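Trainee: This is the structure, below, for whatever I ask next.
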Amino acid sequence: MEGFLLGGFKMLEYKSKPGDKDQSRIKKIVFVVSEKRQIQKLKKAAEMGRIISEGQNLARRLSFTPANDLTPTDLAAKAQELAKANKLKCTIMDKEAIKKEKMGGLLAVAQGSAQPPKFIIIEYKGAAAKRPPIVLVGKGVTFDAGGISIKPAADMHEMKGDMTGAAVMLATITCAAQLKLPLNLVTLIPSAENMPSSTAYKPGDVIKLRKGLTVEIINTDAEGRLLLADALDYANNYNPEAVIDIATLTGGALYVLGYAGAPIVANNKKLADGIRRAANISAERVWEMPLWDDFREAMKSPIADLWNSGGKAAPTLTASAFLESFIG
C-alpha cells in the first residue's frame, strides 16, 4: 500500500489542460490472501500503510506548493484545516501575539516581507494528561530569498520548499492522531518569508530572542536558526519528554552526506538510537554528527551573546551549536 501510494504521487494541480491530467489512475486494489483469518490483519496493515503514505504525500504536496499559494497565513490555515479534520487543538499566534512572546528571531526574519509571520501550535493527546509531550518543531520559511544576503538566482525557485520541516511535522502529528498512537505530541511551527526590502533586517544588526540572548546578524540567509531558536525556547513551556526539530536548515548538510541520507545532531543517546532504528525500519538513512566545543566557540560574537553564522566551516554543526543555546 505504501509503495503504491508513494510511487503514484503526482503534483497535477497546476496543469491547465485536461490532457495534462493523470488519465491512468488505478481506482481499486485487490489483495488476495490464502486464509480467511488473515483478512483482518491485512485490513489493519493496509489502513496503516494508507495513513503513513498519505502523510508523506501531504508533506510532499505542501513542499511543492508555490510560495504565492502558501504564505505563512496559508500555512496556518492549512494547519487549522488538518487539526479540525483530526480533532486536534490548534492555536495560531499572529504578529501581535508573537511580539508579546518577544520572539525577536521570528519577527526579524519576517520584517522584510509584506506577509505577516505566524506561530502555529497543534496539540495531540493520545496518552494520560500527566505524561509530558514530545514536542516537534518544524521550520516554516515559506520562501527564502536569503534576505539582504540574497541567494544566487540559480535554483532559488526551490526555496519554496524551505518549509519542509513544517510540512513533515504537520504530517507527523496528523498521522499520529489517525493511528491513535499512545503519545502526547505538540507541533510548533514558526513561519515567515525571508525577503530583501527596505524594511528587512540587515547584516550587523543585533536582535534579542525570546530567551533573552542577543544575536549579531552576520548573514541574513542564516535565518532558519533564528525562528527555530524562539520555537525551541517556547517548547520549554511544555516541560517536554523530548524535543525533535526537523528543518531544511543548512545547504551545507548536502556536503555531509549528499542525497544519500540526513545528518542528525543529538544530546541524548537513547533518543538518537531510537531515531536511527526508526530510520532503518522505514528505509531511510540518518547519520549522527558530533557537537564539539569548537562549534560552540565559533558561534560566539565579540559584541553580542552569539552571532548567527559561523562561516563556511562545518555550517550544519555550527548551526546546531547555535540552536543548543536555546533548548531546556
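Trainee: List pairs: first residue in the range 213-229 and charged (D, E, K, R) and in a loop (DSSP other than H, G, I, E, B), second residue buried (at least 24 other Cβ atoms within 10 Å of the Cβ) and modelled with pLDDT of 95 or more anywhere in the structure, Cβ distance under 7 angstrom, at least six positions apart or on different chains.
Mentor: Going by the 7 Å Cβ cut-off, the qualifying pairs are ASP221/GLY147; GLU223/VAL109; GLU223/VAL141; GLU223/ASP144; GLU223/GLY147; GLU223/ASN194.
Trainee: On to the next question. Just give me the residues in the range 26-59 being surrounded by 10 or more Cβ atoms within 10 Å (Cβ to Cβ) and of a type in the set (Ser, Thr, Tyr), in sequence order.
Mentor: The initial filter retains those residues of the range 26-59 that are surrounded by 10 or more Cβ atoms within 10 Å (Cβ to Cβ), namely 31, 33, 38-39, 41-59.
Within the range 26-59, SER53 is the sole residue that qualifies.
Trainee: Please go through the range 206-261 and pick out each residue that is charged (D, E, K, R), in contact with a strand residue (DSSP E or B) (Cβ under 8 Å, 6 or more places away or on another chain) and open to solvent by less than 20 Å² (accessible area, probe 1.4 Å). It would help to see each step written out before you state the result.
Mentor: Going through the range 206-261, the residues charged (D, E, K, R) turn out to be 208, 210-211, 216, 221, 223, 225, 230, 233, 241, 245.
Within this subset, residues satisfying the condition of being in contact with a strand residue (DSSP E or B) (Cβ under 8 Å, 6 or more places away or on another chain) are 208, 216, 221, 223, 230, 241, 245.
GLU223, ASP230 - these are the residues of the range 206-261 that are charged (D, E, K, R), in contact with a strand residue (DSSP E or B) (Cβ under 8 Å, 6 or more places away or on another chain) and open to solvent by less than 20 Å² (accessible area, probe 1.4 Å).
Trainee: Still on this structure: Counting only residues that are more than 26 Å from VAL135 (Cα to Cα), in a loop (DSSP other than H, G, I, E, B) and open to solvent by 30 Å² or more (accessible area, probe 1.4 Å), how many does the range 270-304 have?
Mentor: So the count comes out to 3.
Trainee: Just give me the residues in the range 61-77 being buried (at least 19 other Cβ atoms within 10 Å of the Cβ) and not polar (S, T, N, Q), in sequence order. Lay out the reasoning, then the answer.
Mentor: Taking the range 61-77 first, the residues buried (at least 19 other Cβ atoms within 10 Å of the Cβ) are 62-63, 65, 67, 70-72, 75-76.
Matches in the range 61-77: LEU62, ALA67, LEU70, PRO72, LEU75, ALA76.
Trainee: Could you grab the pairs with beta carbons closer than 6 Å, sequence gap of 6+ or different chains, first residue in the range 41-56 and under 22 Å from LEU170 (Cα atoms), second one open to solvent by less than 70 Å² (accessible area, probe 1.4 Å) and small (Gly, Ala, Ser)?
Mentor: As it stands, the answer is GLY55/ALA171, since those pairs meet every condition given.
Trainee: Can you tell me which residue among LYS89, LYS84, LYS78, LYS99 is in contact with an Asp or Glu (Cβ under 8 Å, 6 or more places away or on another chain) and of a type in the set (Lys, Arg)? Don't jump to the end; show me each part of the working.
Mentor: On the way: LYS84 fails: in contact with an Asp or Glu (Cβ under 8 Å, 6 or more places away or on another chain); LYS78 fails: in contact with an Asp or Glu (Cβ under 8 Å, 6 or more places away or on another chain); LYS99 fails: in contact with an Asp or Glu (Cβ under 8 Å, 6 or more places away or on another chain).
LYS89 is the lone residue from the list that is in contact with an Asp or Glu (Cβ under 8 Å, 6 or more places away or on another chain) and of a type in the set (Lys, Arg).
Trainee: Of the residues LYS84, LYS95, LYS102, which single one is at pLDDT 95 or above and in contact with a helix residue (DSSP H, G or I) (Cβ under 8 Å, 6 or more places away or on another chain)? Please lay out each step first, then the result.
Mentor: Working: LYS84 fails: in contact with a helix residue (DSSP H, G or I) (Cβ under 8 Å, 6 or more places away or on another chain); LYS102 fails: in contact with a helix residue (DSSP H, G or I) (Cβ under 8 Å, 6 or more places away or on another chain).
The match here is LYS95.
Trainee: While we're here: Suppose we filter the range 129-162 for residues that are touching a Pro at 6+ places or on another chain (Cβ under 9 Å) and aliphatic (A, V, I, L, M); how many remain?
Mentor: Residues meeting the conditions: 7.
Trainee: Please find, within the range 84-106, the residue that is farthest from ASP205 (Cα to Cα) out of those that are surrounded by 20 or more Cβ atoms within 10 Å (Cβ to Cβ) and in contact (Cβ under 8 Å) with a residue 60 or more places away in the chain.
Mentor: Applying the first criterion (surrounded by 20 or more Cβ atoms within 10 Å (Cβ to Cβ)) to the range 84-106 yields 88, 92-93, 98, 103-106.
Filter once more, keeping what is in contact (Cβ under 8 Å) with a residue 60 or more places away in the chain: 88, 103-106.
Values: LEU88: 39, MET103: 16, GLY104: 12, GLY105: 12, LEU106: 14 Å.
The extreme case among them is LEU88.
The values are calculated or read from the model by the stated rules, or taken from the named source; none is laboratory data. This structure is a prediction, so every number in the text was calculated from the model and none was measured. Neighbour counts run over all protein chains shown; Cβ positions are idealised from the backbone, glycine included. What goes into the accessible areas is simple: the full protein's heavy atoms, side chains included, and nothing from ligands, DNA or RNA. Shrake-Rupley method; radii C 1.70, N 1.55, O 1.52, S 1.80 Å.
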